[in-house]
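The values are calculated or read from the model by the stated rules, or taken from the named source; none is laboratory data. Since the model is a prediction, treat every value here as computed from it, not as a measurement. Here Cβ is always computed from backbone atoms with ideal geometry, including for glycine, and neighbour counts include all displayed protein chains. The area values use the complete protein model at the heavy-atom level, side chains included, leaving out ligands, DNA and RNA. Shrake-Rupley method; radii C 1.70, N 1.55, O 1.52, S 1.80 Å.
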Amino acid sequence: MNGSAPAGSASWHALPPQACLERLQADAQGLSTAGAARRLADNGPNRLEISEGRSALQILRDQFSNVMLLMLLAVAAVSGAVSLHQQEFPKDAIAILVIVVLNGLLGYLQESRAQKALLALRDMAQPLVQVRRDGRWQRIASEELVPGDLIRLEAGDRVPADGRLLEEADLGVREAALTGEAEAVFKRADLLLEEGTPLLERQNCLFQGTEVVRGRGVALVTATGMATELGQIAQMINTAGGEETPLQQRLDGLARVLVISALALVALVVLVGWLMGQPLLNLLEVSLSMAVAIVPEGLPAVITVTLAIGTQRMVRRAALIRRLPAVEALGSVTVICSDKTGTLTQNRQVVQELRVGTLAVAVSGHGYEPRGDFRPRELAAPDAATPGAPDGALQLLLRAGVLCSDAELRQDAEGRWEILGDPTEGALSVVAEKAGIDDFELRSHFQRDAEIPFSSERQLMAVWIDDPLGALQTPLAEAAADSRRLLISKGAPEVIISGCNRWIDGSGVTGLTQTQRDWWLAQARQLAASGLRVLAFACAPHHPSPDHPLENQVLLGLMAQLDPARPEVNHAVATCRGAGIRPVMITGDHPLTARAIGTAIGLSEADGEVVLGRDLERFDESALRETVARCNVYARVPPEQKLRIVKALQANGQVVAMTGDGVNDAPALKQAHIGVAMGITGTEVSKEAADMVLLDDNFATIVNAVEEGRLVYANIRRFVKYILGSNVGELITIAAAPLLGLTGVPMTPLQILWMNLVTDGVPALALALEPAEEGLMQRSPARPGESIFARGIGSYILRIGVVFALITIAMMVWAYRTHAEAGPWRTMVFTTLCLAQMGHALSARSDLPLLRLNPLSNPWLLGAVLLTSALQLTLLYVPALSRFFGTVPLSGADLLVCLGVSLVFFVYLELDKLRILWGHRHRSDAV
């Protein structure tokens with residue numbers, strides 16, 4: 001066992017410190033060295049277990065389990081045996097083996113990757129830690145920690161194991177890697193919490209992998225290794241499915257269909273040919289050619305290049321693809337599960353509204369940019385209050401916010417505004433700057449003499465400002481007479497308001513009655529109900545020092561701030577809905593904040609359902625599947641529930657993209673069809689578990705990537721119908737030869753490989769560069785589980801393949817009858833099939849007739865058609881190539897016949913489009 005925790009470890013937060021010590025048979029002197037050694041032997045080292053994953057050899061072996069490659073291997077073996085029997089060089093067999101090996105290596109290179117996500121997780125362990133053993137503090141390797149150890153932590157330390165806090169002094173811990181929320185959590189050792197308290201709210205516990213950002217503390221180790229919360233995440237990563245992408249599923253289905261069809265047709269042709277008295281050797285050669293013809297050998301390479309091209313386009317739109325199949329899978333996404341902070345929002349706190357006197361002041365202005373509009377409106381004043389606010393009251397409130405904070409607003413070298421310090425305090429400098437108050441200049445005029453730093457116990461911060469001329473206190477009038485020092489406090493409204501006995505209304509500083517106190521608390525609750533984070537501000541002239549109670553203060557007002565939605569998110573959400581994609585928000589934040597953001601960006605209605613993480617824990621799988629089918633906003637969600645949400649959506653048949661930035665998100669990222677990590681704020685663990693990394697952490701970039709993915713899938717469908725239509729035509733043509741009494745095989749396996757790899761492959765690559773058609777993001781996504789033959793592709797392949805074959809067979813029979821048996825009829829069949837595919841490639845660009853398209857919108861295709869046609873002619877007229885590929889030079893008349901038949905096929909393709917369009921229009925008119 002690697003790491004352990006005793007039974008009942010889930011309830012350490014519900015036990016007092018002494019009870020925790022007793023349960024772990026520990027005391028304030030720490031464990032003895034011998035006792036720790038025994039526990040280390042029982043529990044194992046404090047490290048994370050890493051799943052081995054598939055070895056390189058297993059990955060390589062798996063590539064050759066594909067049914068199409070297995071069939072080609074069998075064809076190569078039989079072809080080689082036939083060639084050796086005929087005392088010929090087995091060039092067909094060697095060519096087939098080369099193609100099989102290249103396809104296998106291509107798949108291997110795509111799949112082989114190190115298990116970096118768990119390695120990155122393990123690297124989050126701290127090498128040395130302060131521990132109390134044998135009654136003295138000492139440094140040991142973190143791997144040697146055991147449950148029952150006492151550890152001491154200071155600012156800058158990384159927590160090496162899970163623990164119950166025993167003592168602390170202003171201890172702040174950043175738990176973003178575990179919970180996804182960047183704001184530091186202040187810890188309290190004296191708290192006793194309910195047994196069911198969520199992980200996000202366990203303020204008396206520490207968790208492995210988190211960071212101490214301020215203060216110090218002593219904790220009792222309660223869990224190590226895989227028994228920690230971080231270890232449970234590692235276990236979820238080990239067991240997360242890593243779902244196959246829709247493309248992988250469709251290609252597997254395609255392979256099965258092609259192989260079964262080929263074997264059935266081969267058996268039929270051999271049986272009929274044998275009954276007709278055809279030589280068995282001839283039938284065997286025909287069968288080999290048919291098997292090679294049905295397999296699209298160039299398809300894997302074309303798909304890989306197409307996905308790589310899509311990857312390059314996505315990088316230009318700030319989306320980095322880590323795994324190629326994810327490109328196409330994005331085009332099939334039906335649900336996007338997104339975190340809130342930094343993805344849907346700007347990850348910056350901005351003051352939205354102020355309350356001063358009886359005025360509500362809305363603040364506008366772009367982001368951190370200076371200068372904004374302050375739009376006051378009158379509120380219903382409480383009893384015995386004078387409406388409005390005196391001159392200078394708003395300025396005093398804004399100045400108080402700057403002076404009672406430590407963050408700074410600065411411009412970087414490129415002129416961009418940025419916050420140095422805590423984002424919540426930075427918002428106070430920003431709103432002051434919008435009113436023309438420079439934080440640096442203000443602090444230089446009014447020096448800080450003393451302070452009480454913020455703590456979770458006090459829920460406030462207080463500073464004493466030197467104001468020798470009383471300039472800062474002018475709006476306080478008589479209340480500040482002869483005052484040269486000013487106390488300013490900020491914090492939770494209920495705490496600050498309780499220390500006030502006066503406030504500022506329209507008449508100036510006046511007494512604060514209980515009714516008015518309740519009115520201010522109601523204002524704070526109203527703002528909080530809108531999802532805003534509310535701070536109250538107060539001051540006290542003449543207050544002597546931090547040694548005296550913070551009372552008899554003057555209430556200055558409230559500031560309400562929010563991490564605002566990104567300006568482009570509303571459009572991105574609307575685009576998702578128009579494209580048939582359901583956006584879902586999953587956050588660890590407060591449900592009111594989640595609802596406010598969800599409503600603001602059009603994700604849900606103002607009274608829409610918000611499901612909490614603790615509610616999800618009570619749901620069985622059936623109830624969870626029903627919930628995820630309707631709910632779009634989730635709040636206070638721990639990591640294991642994110643994973644359950646993704647699995648439930650997948651169980652409902654959805655193709656899921658999941659965003660995340662913390663260690664806590666890695667299991668869900670790995671489980672989702674498309675894991676999307678944040679490039680700016682994301683941990684290395686989340687990036688290694690993801691399929692795609694957002695370089696700008698922006699939800700709109702996901703939507704852009706979905707658009708590119710849809711274009712990739714549309715182009716894949718284009719060249720699949722192009723390639724397979726050709727293959728079906730080849731297959732039927734080859735199968736018809738013995739049934740029509742023709743002696744010999746129309747095309748050898750080597751010629752078929754040339755067609756499948758060069759004649760089909762090069763134009764198919766050019767089709768991958770086809771630009772997007774209009775309305776791409778107004779269509780519904782491909783249905784989950786949809787076959788690659790769906791929406792008319794299957795019928796197209798069969799229809800075009802049969803017509804292609806019939807035209808070619810007619811020409812083949814004519815050439816066979818007209819020329820001698822040993823004449824050029826085989827070369828004419830080979831050339832006709834190759835040249836006809838050039839017209840097919842041009843026609844496959846769109847469902848619209850070519851005359852309605854810009855012929856230069858895809859110049860790559862024109863170049864590919866000309867190049868491939870020229871290469872085909874070299875096989876006829878370059879002697880060395882002619883001998884190798886078994887062709888003969890065609891006369892001018894014979895070559896014109898091949899061109900004429902190819903042109904007939906092209907004309908048919910365009911007429912077929914007109915027929916289909918006329919049918920659609922006729923049905924629309926009828927409706």
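Of all residues in region 199-211, those that are on the phi > 0 side of the Ramachandran plot have Cβ atoms under 7 Å from Cβ atoms of residues that are open to solvent by 30 Å² or more (accessible area, probe 1.4 Å), 6 or more apart or on another chain, in GLY209/ARG158. For region 311-353, which residues satisfy the criterion of being under 30 Å from GLY426 (Cβ atoms), crowded, with 24+ Cβ neighbours inside 10 Å and among the aliphatic types (A, V, I, L, M)? Scanning region 311-353 gives ALA319, ILE336, LEU344, VAL351. Of the listed requirements (1) modelled with pLDDT under 95; (2) in a helix (DSSP H, G or I); (3) closer than 17 Å to ILE734 by Cα, GLU821 misses just one: (2). Every condition in (1) at pLDDT 90 or above; (2) open to solvent by less than 20 Å² (accessible area, probe 1.4 Å); (3) part of a loop (DSSP other than H, G, I, E, B); (4) of a type outside the set (A, V, I, L, M) is met by HIS13 except one, and the failing one is (3).
Being assigned to a helix (DSSP H, G or I), open to solvent by less than 50 Å² (accessible area, probe 1.4 Å) and out of contact with any Pro (no Cβ under 9 Å at 6 or more places or on another chain) is the filter here, so list the residues in region 741-760 that pass it. Talk me through it step by step, then tell me what you get.
Of region 741-760, the ones assigned to a helix (DSSP H, G or I) are 749-759.
After this cut, where a residue has to be open to solvent by less than 50 Å² (accessible area, probe 1.4 Å) as well, the list is 749-756, 758-759.
If the condition is that a residue be assigned to a helix (DSSP H, G or I), open to solvent by less than 50 Å² (accessible area, probe 1.4 Å) and out of contact with any Pro (no Cβ under 9 Å at 6 or more places or on another chain), then PRO749, LEU750, GLN751, ILE752, LEU753, TRP754, MET755, VAL758, THR759 are the ones that fit.
When residues in region 866-888 are screened for being in contact (Cβ under 8 Å) with a residue 40 or more places away in the chain, farther than 17 Å from ILE752 by Cβ and out of contact with any Pro (no Cβ under 6 Å at 6 or more places or on another chain), 1 of them pass.
Number of residues in region 496-517 that are assigned to a helix (DSSP H, G or I) and either open to solvent by less than 40 Å² (accessible area, probe 1.4 Å) or without any contact (Cβ under 8 Å) to a residue 24 or more places away in the chain (or both): the value is 6. Scanning region 482-495 for residues that are touching a residue at least 60 places away in the same chain (Cβ under 8 Å) and of a type in the set (A, V, I, L, M, F, W, C) turns up LEU487, ILE488.
Applying the selection to region 269-279, what residues are touching a residue at least 24 places away in the same chain (Cβ under 8 Å) and assigned to a helix (DSSP H, G or I)? Matches in region 269-279: VAL269, VAL272, GLY273. Only residues that are surrounded by 24 or more Cβ atoms within 10 Å (Cβ to Cβ) and not in a helix (DSSP H, G or I) were counted in region 723-740, giving 0.
Among the residues of region 189-213, those identified as under 22 Å from ARG614 (Cβ atoms) and in contact with an Asp or Glu (Cβ under 6 Å, 6 or more places away or on another chain) are PHE207, THR210. ALA560 fulfils the conditions (1) in contact (Cβ under 8 Å) with a residue 60 or more places away in the chain; (2) more than 40 Å from the chain's Cα centre (by Cα) except for a single criterion, (2). Taking only pairs six or more apart or across chains, which ones have beta-carbon atoms under 7 Å, a first residue in region 218-237 that is closer than 25 Å to GLU22 by Cβ, and a second residue that is among the small types (Gly, Ala, Ser) and part of a strand (DSSP E or B)? Going by the 7 Å Cβ cut-off, the qualifying pairs are ALA219/GLY163; LEU220/GLY163; VAL221/GLY163; THR222/GLY163.
Only one of the numbered conditions (1) within 23 Å of ALA389 (Cβ to Cβ); (2) of a type in the set (Asp, Glu); (3) touching a helix residue (DSSP H, G or I) at 6+ places or on another chain (Cβ under 9 Å) is not met by GLU408, and that is (1). Out of contact with any Phe, Trp or Tyr (no Cβ under 9 Å at 6 or more places or on another chain), surrounded by fewer than 16 Cβ atoms within 10 Å (Cβ to Cβ) and assigned to a helix (DSSP H, G or I): does that describe ALA810? Taking the combined requirement at face value, the residue satisfies it. Scanning region 335-392 for residues that are among the hydroxyl-bearing types (Ser, Thr, Tyr) and at pLDDT 85 or above yields SER338, THR343, THR345, THR358, THR386. Is at least one residue of region 107-121 under 30 Å from PRO17 (Cβ atoms) and at pLDDT below 80? Yes; the residues of region 107-121 include at least one that is under 30 Å from PRO17 (Cβ atoms) and at pLDDT below 80. Scanning region 541-565 for residues that are surrounded by 21 or more Cβ atoms within 10 Å (Cβ to Cβ) and more than 30 Å from ASN501 (Cβ to Cβ) yields LEU562, ASP563, ALA565. From the list LEU896, LEU890, LEU866, LEU917, which residue is modelled with pLDDT of 95 or more and either surrounded by 12 or more Cβ atoms within 10 Å (Cβ to Cβ) or out of contact with any helix residue (DSSP H, G or I) (no Cβ under 9 Å at 6 or more places or on another chain) (or both)? Among LEU896, LEU890, LEU866, LEU917, only LEU896 is modelled with pLDDT of 95 or more and either surrounded by 12 or more Cβ atoms within 10 Å (Cβ to Cβ) or out of contact with any helix residue (DSSP H, G or I) (no Cβ under 9 Å at 6 or more places or on another chain) (or both). Test each condition in (1) within 30 Å of GLY598 (Cβ to Cβ); (2) touching a residue at least 24 places away in the same chain (Cβ under 8 Å); (3) not small (Gly, Ala, Ser) for CYS404 and report the one that comes out false. Of everything listed in (1) within 30 Å of GLY598 (Cβ to Cβ); (2) touching a residue at least 24 places away in the same chain (Cβ under 8 Å); (3) not small (Gly, Ala, Ser), CYS404 misses just condition (1).
Quick check: is even one residue across region 541-560 at positive phi, in contact with a Pro (Cβ under 8 Å, 6 or more places away or on another chain) and at pLDDT 90 or above? Within region 541-560 (the criterion being at positive phi, in contact with a Pro (Cβ under 8 Å, 6 or more places away or on another chain) and at pLDDT 90 or above), the answer is no, since none of the residues qualifies.
Does PRO300 fit the bill of being part of a loop (DSSP other than H, G, I, E, B), touching a helix residue (DSSP H, G or I) at 6+ places or on another chain (Cβ under 6 Å) and not hydrophobic (A, V, I, L, M, F, W, C)?
Judged against the criteria, PRO300 is not a match.
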